[in-house]
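Peer 1: Next up is a structure, given as structure tokens.
Please treat every number below as a calculation from the coordinates, not as lab data. Since this is a predicted model, take the numbers as computed values, not measurements. As a convention, Cβ positions derive from the backbone with ideal geometry for all residues, glycine included, and neighbour counts pool all protein chains shown.
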Amino acid sequence: MTAAARSGAAALPVRPGERHWTEAEMAKVRDKLAAEAAELRADIERSESDIASRLGDAVGDAGDDSADVGAKTYEREHELALTHNARELLVQTERALERIDTGTYGTCESCGEPIGKARLQAFPRAVLCVSCKQREERR
């Protein structure tokens, strides 16, 4: 753990005019992220199990007409896309938790300036300040 992490939530960066993080606020953000990570892991596990069982049913689907095959293929692709999205969210969530633990939470990964407490409370996975995020989206 770095010195910034050991010195507590008050050491995390904030934008000018914002109050420093309190331990209670940081605990609330951390708890929310940890709960979301656990929920995402459970969703991914459940989805992977569903996908595996659907793939195992392929032999039973041999007599299906083309509409049934198309519908099942669509469902399978939809489930795969949702699982992929859940994995990406899990990576972002775990990264935010790691940044909290190392004391780098709240620092923009592009410019190094504070992301902003209000932004992080609204979107705790944010790694870019508003200016850098806008610049990224314009590209």
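Peer 1: Helix 66-102 against the longest principal axis of the chain: what's the angle in degrees, Cα atoms only, rounded to the nearest 10?
Peer 2: With rounding to tens, the tilt is 20 degrees.
Peer 1: Then there is this: Just subtract the alpha-carbon distance of ARG19 and SER53 from 0.36 nm times their residue separation and send over the number in nm, one decimal.
Peer 2: 7.1 nm
Peer 1: Treating only the Cβ atoms of Lys and Arg (+1) and Asp and Glu (-1) as charged, compute the dipole magnitude of segment 3-138 about its Cα centre; round to the nearest 20 debye.
Peer 2: Computed charge dipole of segment 3-138: roughly 1160 debye.
Peer 1: Looking only at segment 89-121, which residues have a backbone nitrogen under 14 Å from a spot 7 Å from the Cα of ARG135 in the C-beta direction?
Peer 2: Answer for this model: 108-115.
Peer 1: Place +1 on the Cβ of every Lys and Arg and -1 on the Cβ of every Asp and Glu in segment 67-139, take the dipole about the Cα centre, and give the residue among SER131, ALA86, THR73 whose Cα lies farthest towards its positive end.
Peer 2: Final value for the positive-end residue is SER131.
Peer 1: Which value in nm describes the separation of the simple spin-label points at LEU82 and ARG46, placed 7 Å from the Cα toward the beta carbon?
Peer 2: Roughly 0.9 nm, to one decimal.
Peer 1: Quick one: give the max-minus-min coordinate of the C-alpha atoms of segment 3-138 along each principal axis, largest first, in Å.
Peer 2: Per principal axis, max minus min of the Cα coordinates gives 66, 33, 19 Å.
Peer 1: What distance in nm lies between label points placed 7 Å from Cα along the C-beta direction at LYS32 and GLU75?
Peer 2: According to this spin-label approximation, the distance is 3.6 nm.
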